[in-house]
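The values are calculated or read from the model by the stated rules, or taken from the named source; none is laboratory data. All values reported here derive from a predicted model rather than from experimental measurement. Neighbour counts are summed over all protein chains in view; Cβ atoms, including those assigned to glycine, are modelled from backbone coordinates with ideal geometry. Areas reflect the complete protein model, heavy atoms only, side chains present, ligands, DNA and RNA absent. Shrake-Rupley method; radii C 1.70, N 1.55, O 1.52, S 1.80 Å.
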Amino acid sequence: MRAVAPVTGPKVLRIGLVQGGKVIEERVIKQRTHVTIGPSEKSMFVIPSKSIPPSFRLFELVGGEYFLNFLDGMTGRVAFKAGVSELSALKSSAKRAPASNGNAYQVQLSEEARGKIVVGETTFLFQFVAPPPVQPKPQLPVSVKTGIANDIDWTTTIIAAFSFLFHFGAVGSIYSDWMDPIVDDEVDVAALLESVKQLPPPPVVEQPKENPDAPAASAAPTAEAPKAAGGGNKGAAAGPAKGSGAMSDARASALTNELAQLDMQMLGALNSSGNATASVLSSGDVPTGLLENAAASGSGVGKGGVAGLNMGGAGGGTVRPGAAGGGGLASIGNTGASGPATAGSAQTVKGPVGNAQVGGAAVSGGSVSNAPSIVAGMTAGFRRCYNKGLQEDPSMKGSVRITAKIGPNGEVISATPSGGSGLSGTVVSCVVARVQSAQFAPPEGGGATVVIPVTFVSQ
């Protein structure tokens, strides 16, 4: 611990401030300077007194010596080497000095002087003391000064650093290309061209020789079916494609004619009562104007022996199946003398059709602006539910009431059926599901109840 050196030199003032019989402040004026008192904040000692100037020099330093200044309203005593003197007694020998509120009395003080000065309710006690020793500057402990640097083992740190550098350098050299040979693009390209030149030529592919005796491929002939056109009866047949083929034009034309005759003879064989197309084409899907005349007289159809059908009767009248011998088409269709033709017709039995009648929707608990239109739009869905039920029970009919609770956003919270007499559970559940899928406008008041009566009748 460093010793504090004693301080030599002139003494300094030690002043104590007493108020109400108690020392409230004590101060050593280390630097020899003026000591001021007064109500001003700039004074060294601030006291609430109106009898003195704002900043009155109670102890004034003149030429390195202290002088005591006091006014007429101040009291007290000062002890000198010669004895103790009252301030009132010192006025006769004191020097007069100008002050802001009148003349002040000035008395020189020695370093042995001490005393008290009473200013209003405040008493100043003073004496001269040796200056306090100069305190050394605070210093940090040695442990704090050393810091982290002194705690590091520099030998181990340096070894570890060199080890990391060595290992990372070795890994980097492995992945670097500084040891790879220099690549000359021109040499590589020349070597590549030379290697391509040394490749063996591809093998020669022998083309198969054409056989002049083999028949040439021909396109398949296409034949158009005879088309009915207004103004006359035409049998237009498309000939085979031109070019080399196994079928000649004459053969293709003969086949086309036979197909046309077969079509006409088929129509004559389907009915023996009246014209051949009276009932067969009654639906009107195919135009029959041109075929009626040909069916009434057999002039349009030859006797025909195509495919062994044995139509016969080409001279006149109605073509009869099997007239030319053989079975032919004798068993096809109605060949009786009277009665309607039933060949190729199908009878469809139509089931009952249901209808749904929706009554007026009763809204309670709130107002729903679009309730009538939404309920009316459910009619088609109710009808579909009823028609599905009629497929199971054609005689089913009845009515049901659906009570739907509408949420604050217009959604259907619940749908409860009541009644439902005469209806199956499938129809009722289908109707309830349709109501639950509906979306109404948000009701006024946060909720509402809609009652929907539905009556189902079959037609």
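Couple of notes before you dig in:
- All conditions but one from (1) more than 40 Å from the chain's Cα centre (by Cα); (2) open to solvent by 40 Å² or more (accessible area, probe 1.4 Å) apply to P372; the one that does not is (1).
- Subset of the stretch 50-73 that is among the charged types (D, E, K, R) and not in a loop (DSSP other than H, G, I, E, B) - its residue that is surrounded by the most Cβ atoms within 10 Å (Cβ to Cβ): R57
- None of Q198, Q135, Q139, Q207 is loosely packed, with under 10 Cβ neighbours inside 10 Å, closer than 30 Å to L109 by Cβ and either modelled with pLDDT of 75 or more or out of contact with any Asp or Glu (no Cβ under 8 Å at 6 or more places or on another chain) (or both) except Q135.
- Any hit, the stretch 429-436, residues being in a loop (DSSP other than H, G, I, E, B) and not aromatic (F, W, Y): no
- In the stretch 80-118, residue most open to solvent (accessible area, probe 1.4 Å) [restricted to those that are part of a strand (DSSP E or B) and within 19 Å of P10 (Cβ to Cβ)]: R114
- Single match in G354, G425, G398, G389 (criterion: out of contact with any Leu (no Cβ under 8 Å at 6 or more places or on another chain) and either in contact (Cβ under 8 Å) with a residue 24 or more places away in the chain or not acidic (D, E) (or both)): G425
- Scanning the stretch 404-434 for residues that are touching a Phe, Trp or Tyr at 6+ places or on another chain (Cβ under 6 Å) and surrounded by fewer than 13 Cβ atoms within 10 Å (Cβ to Cβ) returns no hits.
- Within the stretch 28-48, if we keep just the residues that are part of a loop (DSSP other than H, G, I, E, B) and open to solvent by less than 50 Å² (accessible area, probe 1.4 Å), the residue that is farthest from I15 (Cα to Cα) turns out to be S40.
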